[in-house]
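Undergrad: My structure is below; once you've seen it, I'll send some questions.
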Amino acid sequence: MTEVRLSSFSTKPTSQPAGNDVRFLVIGRIIGPVGVDGVVRARLLTDFPNRFGELTAIHLGENLRPYQVESVHLDGETVDLKLAGVEDATAARSLRDHEIQIPIDQATTLPSDQFYWHQIIGLKVQTDSGRILGHVSDVLRTGSNDVYVVRQDGSEILLPAIEDVILKIDVSEGTMLVHLIPGLENSAD
């Protein structure tokens, strides 16, 4: 799963499984080489870009090959990395499109009212009137707030991650309590 936190309220995609089985989080994707010395440029896929300055190692690609980080230069939406063993542009080019991953235990600690996507996906969703809507199957990032995709028996409902709708998230219990505001009530039928 990608290391992004969900919208803050009072309560992308990788080959990794969702939920408690997630072992690594994606924090970037390599775009290609920079210069001839083996430096790679990556697009940031994290809400915590400063974390790159703290990294000593990363894991790349589907096989999660470890690389020691020798230097880091953040530049807006990208980061330039010098990785041990990547000595020229040809080696850097071979890493293009590889996901940059970190072990889940290195994830940035969030406040108690914020969650990572992998913690949300798979939760059982129930309304405050007791109706089971299904399970969260995906999280969509929109401009204003995240949207939870809830599926059950071929039906789908999109729930905005806002205080009026999301009443409680209990990751340890695997549940999400929601209130269907006008407009959502009919889409849940």
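The values are calculated or read from the model by the stated rules, or taken from the named source; none is laboratory data. Please read all numbers here as calculations on a predicted model, not as lab measurements. Backbone-built Cβ (ideal geometry, glycine too); neighbour counts: all protein chains shown.
Undergrad: Here's a check for you: in segment 77-112, which residue that is at pLDDT 90 or above and of a type in the set (Ser, Thr, Tyr) is farthest from residue 22 (Cα to Cα)?
TA: Only one residue fits best here, namely 90.
Undergrad: Quick one: residue 157 ticks every box in (1) more than 17 Å from the chain's Cα centre (by Cα); (2) surrounded by fewer than 17 Cβ atoms within 10 Å (Cβ to Cβ) except a single one, so which number is it?
TA: With (1) more than 17 Å from the chain's Cα centre (by Cα); (2) surrounded by fewer than 17 Cβ atoms within 10 Å (Cβ to Cβ) applied to residue 157, the lone miss is (2).
Undergrad: Within segment 107-126, identify whether any single residue is in a strand (DSSP E or B) and within 19 Å of residue 46 (Cβ to Cβ), and answer yes or no.
TA: Scanning segment 107-126, I find at least one residue that is in a strand (DSSP E or B) and within 19 Å of residue 46 (Cβ to Cβ), so the answer is yes.
Undergrad: Checking residue 180 against (1) more than 21 Å from the chain's Cα centre (by Cα); (2) surrounded by 14 or more Cβ atoms within 10 Å (Cβ to Cβ); (3) in the same structural domain as residue 57 (by TED's automatic domain parsing), which single condition isn't satisfied?
TA: (3)
Undergrad: Turning to a different aspect of this structure: Among what's in segment 64-95 and is under 17 Å from residue 27 (Cβ atoms) and part of a loop (DSSP other than H, G, I, E, B), pick the residue that is farthest from the chain's Cα centre (by Cα).
TA: 95
Undergrad: Among the residues of segment 167-189, write down those that are within 17 Å of residue 118 (Cα to Cα) and in contact with a strand residue (DSSP E or B) (Cβ under 8 Å, 6 or more places away or on another chain).
TA: Result: 168, 169, 170, 174, 175, 176.
Residue-wise test of (1) in a strand (DSSP E or B); (2) out of contact with any Ser or Thr (no Cβ under 9 Å at 6 or more places or on another chain); (3) at pLDDT below 90; (4) under 12 Å from residue 137 (Cβ atoms).
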site	(1), (2), (3), (4)
150	yes, no, no, yes
156	yes, no, no, yes
159	yes, yes, no, yes
163	no, no, no, no
167	yes, no, no, no
173	no, yes, no, no
176	yes, no, no, no
180	no, no, no, no
184	no, yes, yes, no
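Undergrad: List the pairs whose first member sits in segment 163-183 and is under 14 Å from residue 124 (Cβ atoms), whose second member is surrounded by 15 or more Cβ atoms within 10 Å (Cβ to Cβ) and acidic (Asp, Glu), and whose Cβ atoms are under 6 Å apart, counting only residues at least 6 apart or on separate chains?
TA: Pairs that qualify, where the first residue is under 14 Å from residue 124 (Cβ atoms) and the partner is surrounded by 15 or more Cβ atoms within 10 Å (Cβ to Cβ) and acidic (Asp, Glu): there are none.
Undergrad: Here's a check for you: in segment 38-63, which residue that is of a type outside the set (D, E, K, R) and in a strand (DSSP E or B) is surrounded by the fewest Cβ atoms within 10 Å (Cβ to Cβ)?
TA: Among those residues, the one meeting the criterion is 57.
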